[in-house]
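Note sheet for the following structure.
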Amino acid sequence: MRILIVEDELKTSAYLKKGLEESGYSVDVANEGHEGLLLAEEEEYDVIVLDVMLPGIDGWTIVKKLRASRQTPVLFLTARDEVDDRVRGLELGADDYLVKPFAFVELLARVRTLARRGPVRETNVIKVGDLEMDITRRRVKRGDQRIDLTPREFSLLQLLARRQGEVLSRTQIASYVWDMNFDSDTNVVEVAIRRLRAKIDDAFAVKLIHTVRGVGYVLEPKQPS
């Protein structure tokens, strides 16, 4: 497995390279945006760990250019933790988003997940059963019925839809959709899921959002039992 790290902080890139190599990966490092894009376009990698704020060209530009020709899984690693930044990264084609400071074990787990999943072709229209999300126009419908969502609900549904069939923990959902670390005493994720269900599931026989008790939530069509 080959990993590309594009990170301008030398201590961080060296730390990541050492840890990933000790975990069995072959690792290349670029400390500048143009170099990172060149390597990403010319070499074959299983996962790219990409900082946002880089000299030369930034991570936003790199992933946008890369998606024109490659679908290599990209994990954004950055100190930018605003919700808008996370949503922007996902909409440009990133597959995951981890905010600094981070625990290496969490980064390693996410890298392994992306490497197993492999390249996924991103699209501006996501379909799950009879649900259709137009990411560019920010429109959602089930069958012929238009569904109006708040920006937060749209981001939550987009996350679940891009990972359809994959169980996402409350921690993962909170880190993507809210500018917060998950607190087990907070029910913000449950409340948001309940409101989203009311809009996209309650009026339909086939339910899309399902709870995996003790783990999290998954989006996939299931006939009522």
Could you list all residues from the stretch 43-66 that are assigned to a loop (DSSP other than H, G, I, E, B) and surrounded by 24 or more Cβ atoms within 10 Å (Cβ to Cβ)? 51, 54
May I ask you to list pairs of residues, at least six apart or on different chains, whose Cβ atoms are under 9 Å apart, with the first in the stretch 201-215 being over 20 Å from residue 149 (Cα atoms) and the second being of a type in the set (A, V, I, L, M) and assigned to a loop (DSSP other than H, G, I, E, B)? 212/167; 215/167
Give 129, 89 a once-over and let me know the one that is modelled with pLDDT of 90 or more and out of contact with any Gly (no Cβ under 7 Å at 6 or more places or on another chain). 129
Any idea how many residues of the stretch 14-42 are touching a helix residue (DSSP H, G or I) at 6+ places or on another chain (Cβ under 8 Å) and either part of a helix (DSSP H, G or I) or modelled with pLDDT under 90 (or both)? 9
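The values are calculated or read from the model by the stated rules, or taken from the named source; none is laboratory data. This one's a predicted model, so the numbers in the text were calculated from it and none came from an experiment. Please note: Cβ atoms are built from the backbone with ideal geometry, for glycine as well, and neighbour counts cover all protein chains shown.
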